[in-house]
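The values are calculated or read from the model by the stated rules, or taken from the named source; none is laboratory data. This one's a predicted model, so the numbers in the text were calculated from it and none came from an experiment. Virtual Cβ from ideal backbone geometry, glycine too; neighbours counted across all protein chains shown.
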Ligand SMILES: Cc1ncc(C[n+]2csc(CCOP(=O)(O)OP(=O)(O)O)c2C)c(N)n1
Ligand code: SF4
Ligand code: SF4
Ligand SMILES: [Mg+2]
């Protein structure tokens, strides 16, 4: 049993709590519903631990400042929602390219454009993975409870430091604004990962030469390495112009993550693991699906709910294993069929149609509706 | 390589990517001279955006983060925020700083955060091949104003002053001595300093706007058109003649942002220790 | 009177912009016939005896390739 305390808090608040425990000391943000509480609480809490919370002039500046702080040697994060997440896309590519560990929370709301600021949605599923230009990879975690906002935030900081990447927490309005019990372990009960820094003399150090785990050591600024860190395609010494090394570098920033997915990919199954009927969900929808599984059980219906916690890189093999033996697969999500496309790609059995139970417009699906869907669409 | 270059340049990154006779290399040298005079190389952290001028800092053997077009200033703020003892300097072009990154300039200046923005004004988007910039003169024919530029110029120094910068200067690459002095002042200034450098771009500005691609011609153009005038009330007259006022325009002392942050943190922590949190 | 012992031109990086010739107040340089490693015609130090070691060419060179080496003090008398 871990030592700690229990506190009732908002999902967004749990995120801040975890970030501070993980050592986040810089926050660059811009107000936007339904993520604003993260900025507000950070602005209260960071000064108390000698950190800095800056409300920047826009979300571009917010994330770029986070990247600067990361190279400055600090754990840093930002949080936003749809329109702000759009503005951050170029800088997400920047964080990838300069291998700056950082955490970005997207508390999703309805889109497109200004959409529905106070309503929940899951329409940024693909944007979180493919929103920036060029070939790259990153990690996207999807919490479904305030507790998971906490746990995923710790995990996000750890993964960002381990892989030197931006890690995205793809939350949504329901998870951000739910107020529920969160268990906060004492700091000594948790594991925190820190970026590895070089120790060899400057002359012997090659800035983008990877270690065995695919990740180069990070010579954060003013530690004596006089590092050239450019957003352009680069060779091992950080310069432009060597096409061959630049290509290898692009492959590496993808493979450093995708070759090590076992370290972090997570898919959970709730309910009867052998049930022929399966829901597949992510984020807040997991909650309603769980209730539906329980209600079904009372009615004598065996259902499993497959919860994809790490949505990117998509954990093909874990999802396949979790869905093994299922005869009927219903993807439930708050968009017009994004996770569905991934399931269709992963489960290629002609006899199984991947059905979609979709809710948009800020209407959160009720558990009864899951069961009704099973009956009506039979 | 001259001795300054031997001492401070990143040898494995040479030659500079700049065209023959480009002013950007002169800025590298003037800045390094200032750094050498002050002996502050280990305290430097540079940032840059995108453009020819954004490469200025990359050749110097110092920590540099070269980010996205227009975003060098927020990157600098992030770096400064994590360790206020650094001397943070941003190299940015006229397009980078006044167009796509214009908003960041305003807000960094109004915060009076201790950093230096060096805006290299070659009056054009050079890297992309000679398109109109906010600093291009009215009437100029560029690749994207083939019938003449209809838009009025944005004056970086005036913008910086209006936004609250506490040190503002403009010089040109034809004024290396003054430039070195101003760099040193800025590196020691506690607050937001903005230095605009009129720089020759023989290849784009020279060929398309000024009528000659010769480095000598373009260098002379700066000598002929940059007039020392530190009294703002006289600028309009100089500008009306198609000339450019240069000089050290402003230096005042105002509360510096990171120092204020430290003070606030202290105050808040003491209050919390006493039981409140404000 | 100050004088230069020699002026070094780093042929690896010279781009032949000839600003040194333009800037020099003492007419030390001519356009030379030799090409640098970057394949530009380099300046030629034609009249070293004119050089006053003012340093302008070195300070203005956009590629930092010029080094003006002054005569050691008293050398003239030797
Ligand atoms: C977001 C974005 N838009 C456009 C570009 C293309 N681009 C590269 S440099 C540049 C203009 C640079 O002009 P300036 O800042 O004046 O620098 P200079 O090259 O003149 O020194 C542009 C538009 C880009 N890199 N990124
Ligand atoms: S295009 Fe102009 S600004 Fe760019 S390197 Fe060439 S001369 Fe310099
Ligand atoms: S040091 Fe002065 S006098 Fe001598 S060559 Fe250079 S510019 Fe001419
Ligand atoms: Mg320009």
Take segment B:182-206 and flag every residue that is within 15 Å of ligand 4 (Cβ to nearest atom) and within 14 Å of chain C (Cβ to nearest Cβ).
B:197, B:199, B:200, B:201, B:202, B:203, B:206
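Out of C:66, C:38, C:56, report the one residue that is surrounded by 13 or more Cβ atoms within 10 Å (Cβ to Cβ), within 11 Å of chain B (Cβ to nearest Cβ), over 12 Å from the mean Cα position of the chain (by Cα) and away from ligand 4 (no atom under 16 Å from the Cβ).
C:38
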Residues that are more than 8 Å from chain A (Cβ to nearest Cβ) and either over 12 Å from the mean Cα position of the chain (by Cα) or in contact (Cβ under 8 Å) with a residue 60 or more places away in the chain (or both): does segment B:60-68 have at least one?
yes
Which is within 16 Å of ligand 3 (Cβ to nearest atom) and touching a helix residue (DSSP H, G or I) at 6+ places or on another chain (Cβ under 8 Å), of B:219, B:183, B:194?
B:219
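Condition check ((1) in a loop (DSSP other than H, G, I, E, B); (2) within 16 Å of ligand 2 (Cβ to nearest atom)) across all residues:
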residue: C:13; (1), (2): yes, yes
residue: C:17; (1), (2): yes, yes
residue: C:20; (1), (2): no, no
residue: C:37; (1), (2): yes, no
residue: C:42; (1), (2): no, no
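Evaluate the following for residue B:37: is it within 8 Å of chain A (Cβ to nearest Cβ), outside any loop (DSSP other than H, G, I, E, B), more than 16 Å from ligand 3 (Cβ to nearest atom) and at pLDDT 95 or above? Can you show your working first?
Numbers: within 8 Å of chain A (Cβ to nearest Cβ): no; outside any loop (DSSP other than H, G, I, E, B): yes; more than 16 Å from ligand 3 (Cβ to nearest atom): yes; at pLDDT 95 or above: yes.
Considered against the rule, which asks whether it is within 8 Å of chain A (Cβ to nearest Cβ), outside any loop (DSSP other than H, G, I, E, B), more than 16 Å from ligand 3 (Cβ to nearest atom) and at pLDDT 95 or above, residue B:37 comes out as no.
Being in a helix (DSSP H, G or I) and modelled with pLDDT of 95 or more is true for just one of B:250, B:209. Which residue is that? Break it down stepwise before answering.
On the way: B:250 fails: in a helix (DSSP H, G or I).
Answer to the check: B:209.
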From A:212, A:245, which residue is closer than 27 Å to residue B:11 by Cα and without any contact (Cβ under 8 Å) to a residue 12 or more places away in the chain?
A:245
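Do the conditions hold for residue A:237, that is, is it closer than 20 Å to residue B:61 by Cα and modelled with pLDDT of 95 or more? Lay out the reasoning, then the answer.
Details: closer than 20 Å to residue B:61 by Cα: yes; modelled with pLDDT of 95 or more: yes.
Yes: the conditions hold for residue A:237.
Only one residue in A:69, A:76 is farther than 23 Å from residue A:172 by Cα and at the interface with another protein chain (Cβ under 9 Å from one of its Cβ atoms), so which one is that?
Details: A:76 fails: farther than 23 Å from residue A:172 by Cα.
Residue meeting the stated conditions: A:69.
Here is a yes/no grid of residues against (1) more than 7 Å from every other protein chain (Cβ to nearest Cβ); (2) in contact with a helix residue (DSSP H, G or I) (Cβ under 7 Å, 6 or more places away or on another chain); (3) within 16 Å of ligand 2 (Cβ to nearest atom):
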position	(1), (2), (3)
B:45	no, yes, no
B:58	no, yes, yes
B:70	yes, yes, no
B:91	yes, yes, yes
B:100	yes, no, no
Test: residue B:139 is free of Cβ contacts under 8 Å to residues at least 60 places away in the same chain, more than 9 Å from chain A (Cβ to nearest Cβ) and away from ligand 4 (no atom under 16 Å from the Cβ)
yes
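Tally the residues that are outside any loop (DSSP other than H, G, I, E, B) and touching a strand residue (DSSP E or B) at 6+ places or on another chain (Cβ under 9 Å), restricting the search to segment A:176-229. Before you say what the answer is, go through the steps one by one.
At the first step, the residues of segment A:176-229 found to be outside any loop (DSSP other than H, G, I, E, B) are A:176-177, A:179-185, A:187-189, A:202-204, A:210, A:216, A:228-229.
Going one step further and asking which of them are touching a strand residue (DSSP E or B) at 6+ places or on another chain (Cβ under 9 Å), we end up with A:176-177, A:179-185, A:189, A:210, A:216, A:228-229.
Count: 14.
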For segment C:26-34, check the following and say yes or no: at least one residue is within 8 Å of another protein chain (Cβ to nearest Cβ) and within 21 Å of residue B:4 (Cβ to Cβ).
no
Tally of residues being more than 9 Å from every other protein chain (Cβ to nearest Cβ) and in contact (Cβ under 8 Å) with a residue 12 or more places away in the chain across segment B:242-270
17
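Quick grid of which residues meet (1) at pLDDT 95 or above; (2) exposed (fewer than 15 other Cβ atoms within 10 Å of the Cβ); (3) within 14 Å of another protein chain (Cβ to nearest Cβ):
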residue	(1), (2), (3)
A:229	yes, no, yes
A:247	yes, yes, no
A:258	yes, yes, no
A:268	yes, yes, no
A:278	yes, no, no
A:292	yes, no, no
A:300	yes, yes, no
A:310	yes, no, no
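In this structure, is residue B:81 in contact (Cβ under 8 Å) with a residue 60 or more places away in the chain, in contact with a strand residue (DSSP E or B) (Cβ under 8 Å, 6 or more places away or on another chain) and within 9 Å of chain A (Cβ to nearest Cβ)? Full working, then the answer.
On the way: in contact (Cβ under 8 Å) with a residue 60 or more places away in the chain: yes; in contact with a strand residue (DSSP E or B) (Cβ under 8 Å, 6 or more places away or on another chain): yes; within 9 Å of chain A (Cβ to nearest Cβ): yes.
Yes: the conditions hold for residue B:81.
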